[in-house]
Each structure stands twice: as structure tokens, then as C-alpha cells.
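J.: Below: one structure in C-alpha cells.
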Amino acid sequence: MMPLLPLPTWDHLVINAQDRLDDAADTYRKLGFQLTPRGYHSMGSANNLAIFGTDYLEIIGVPPSGRELQKALLESPIGLNGLVFGTDASLDVVAAAKAAGAALLPPREFVRPVELADGSREDASFRIVPLDGIDYGRVYFCHHFTRHLVWRNEWRHHPNGVLGIARAVIVSDAPDDAMRPYRTLFGSDLVRAIPSGLSLAVGLASLDIVTRAEAVAQFGAALPDALDRNTYMAAITFRTASLDRAKAALGDAAQTGARDTLVVPAAKAFGATLEFIA
């Protein structure tokens, strides 16, 4: 009997700040996100997180001490750089993905010290399972061994009212080709056609892969620069408790989107277009 394919859920999405993590964290605080204290991974990178109900946004960067270990991040464009699916059974995911014919890189384990409100520190630990052959960023599963050190209630409350991730958007000249790894990994039943693209159901959220023309119709000049890429991670849609609350927190960084949503252009959000819906 073949192992069951994993059911996709968002664990987190990643904004790459290269060596400008202080600037990126300051930008996102000004956009109404409460960020966790700076964390430092055992594999050389550093981050600040915006924790939501069941997922989160990671702003990742490379401190001077990690430059040799994290050359790939330094050489990758600033902006949306990582799509991360959740799992509590990462070794089962490896077995199912391999049986389905998905291309994977070897799993990796690492830790990150977490500073808690009482001044104590504990190590959060993880195992990641990366997909191979993705040339427009990083796509992987994340298995949290210490969830209680990440999803803490004191970090879940944001001035902009964000509750969680509603979708991630990939722009591609060939949506069918770009969706192929996700079909292999999760099955075709979770993929549906949308205008000028395809959508993968990710829990109650989605991963939308759309053509450039459709992306322009939705976001216009708020899109990030394609940088001559045929496929790239472009936008995040967040669900907020109140658009009025989000608008007050975002201030003049936000504009009204084509879908009567609030949109922050990539130029004002460290290379990622941000959309807010209620």
C-alpha cells in the first residue's frame, strides 16, 4: 500500500532580507506586525517572526557570522522567498513524497534559542524536508518539535489585526508547469482552475499560481520586479479581523486593491506584495 500523500497546510511563509534584517524588521513593525525577539539559527541565519493563529510570517536574514553558511540567502532576491508546509510526521512525508515521485533534498535538523517573556531561554528545534528542483525560491516542510516555543499567545496579537495567511501567490509564464511539483506531492484533487491560473487548496487557504497578466490585473504596479524570472513568488494575502483596523495600522503604505482589499506595494514591504482581506 502506498503511503498517503500529505495534506497541505501552511506552516509559514518567508521574506528574505539578505543582510538587511534590521531594516526589514523595522518595515514590518511599521506595517502593524508584532515581531518576536531576534532568533539565531544553528545553521547561520537569523529571523524575526510574526506569529498568527496556526501559521506565521518569517523575516529571515544573514548576520555577519553566518555569511559563509548562508550564501544562498545572500544571493537570492529580497522578497518572498519561502513557502513552508506544516507537518507533524516529517519522515512519513518523506516516504509518501518519494513513493509519489517527488524530488526531495535530505532532511535537516537545527535549533534556534528562544527568548521568553520571563527572561529565560529555551531551544526551539525543527526538522525540515526541502523540495528539490525549485528554482524560484525555497519550498519545504517544517516539523516543529517544540511548538510551544513558537505559537505563544503573547506574540499573536498584531496592531493590523492579522489572524493568518489566506494565500500565497506565484507568478508564472507557465502555471501548469509550476503547479506540477505540488500535484505530485499532494495529488490533483486539491488543484482547481482559477482565472488565468491554478489554485492549490492549502488547508483553508491557498497557493495560487497565475500568469503575469492576471497578477497585474490583481495588483498592478504593487507587484515586485520580476528580475527577468519566468516564475517567482510575488504576494501574500493575509486575513485580518478588520479592514478598518488594518487600514489604520498600515497608514499611507496601503492602497485599495482591485478586489476591494488593502494592498501594500512590494516597494514598501521589502520586495513582497501584501494584500489584506477580512
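J.: All but one of (1) over 14 Å from the mean Cα position of the chain (by Cα); (2) assigned by TED's automatic domain parsing to the domain that holds Glu122 hold for Asn48, so report the exception by its number.
T.: (1)
J.: What about Ala50, is it touching a residue at least 40 places away in the same chain (Cβ under 8 Å), small (Gly, Ala, Ser), assigned to a strand (DSSP E or B) and within 19 Å of Cys142 (Cα to Cα)? Even if it seems obvious, please write down each step before you answer.
T.: Details: touching a residue at least 40 places away in the same chain (Cβ under 8 Å): yes; small (Gly, Ala, Ser): yes; assigned to a strand (DSSP E or B): yes; within 19 Å of Cys142 (Cα to Cα): yes.
Considered against the rule, which asks whether it is touching a residue at least 40 places away in the same chain (Cβ under 8 Å), small (Gly, Ala, Ser), assigned to a strand (DSSP E or B) and within 19 Å of Cys142 (Cα to Cα), Ala50 comes out as yes.
J.: For region 172-254, which helices (runs of 4 or more DSSP H) that fit wholly inside it have 3 or more residues that are within 21 Å of Phe276 (Cβ to Cβ)? Spell out the reasoning first.
T.: Working: elements: 175-186, 212-219, 243-250.
Those helices (runs of 4 or more DSSP H) span 212-219, 243-250.
J.: Follow-up. Just give me the residues in region 20-46 being within 15 Å of Ser65 (Cβ to Cβ) and in contact (Cβ under 8 Å) with a residue 60 or more places away in the chain, in sequence order.
T.: Gly39, Tyr40, His41, Ser42, Met43
J.: In region 56-79, which residues are among the hydroxyl-bearing types (Ser, Thr, Tyr), closer than 18 Å to Arg38 by Cβ and within 20 Å of the chain's Cα centre (by Cα)? Outline the logic, then answer.
T.: To start, the set of residues in region 56-79 that are among the hydroxyl-bearing types (Ser, Thr, Tyr) comprises 56, 65, 76.
Pick out the ones that are also closer than 18 Å to Arg38 by Cβ and you get 56, 65.
The answer is Tyr56, and nothing else.
J.: Look at region 144-177 and say how many of its residues are touching a residue at least 40 places away in the same chain (Cβ under 8 Å), crowded, with 21+ Cβ neighbours inside 10 Å and under 24 Å from Asp228 (Cβ atoms).
T.: 5
J.: To continue, here is another question. Could you grab me the full set of residues in region 127-141 that are surrounded by fewer than 19 Cβ atoms within 10 Å (Cβ to Cβ) and either within 17 Å of Thr36 (Cα to Cα) or of a type in the set (A, V, I, L, M, F, W, C) (or both)?
T.: Ile134
The values are calculated or read from the model by the stated rules, or taken from the named source; none is laboratory data. Remember, it's a predicted structure, so these values are computed and weren't measured experimentally. So basically every Cβ, Gly included, is an ideal-geometry build from the backbone, and we count neighbours across all protein chains shown.
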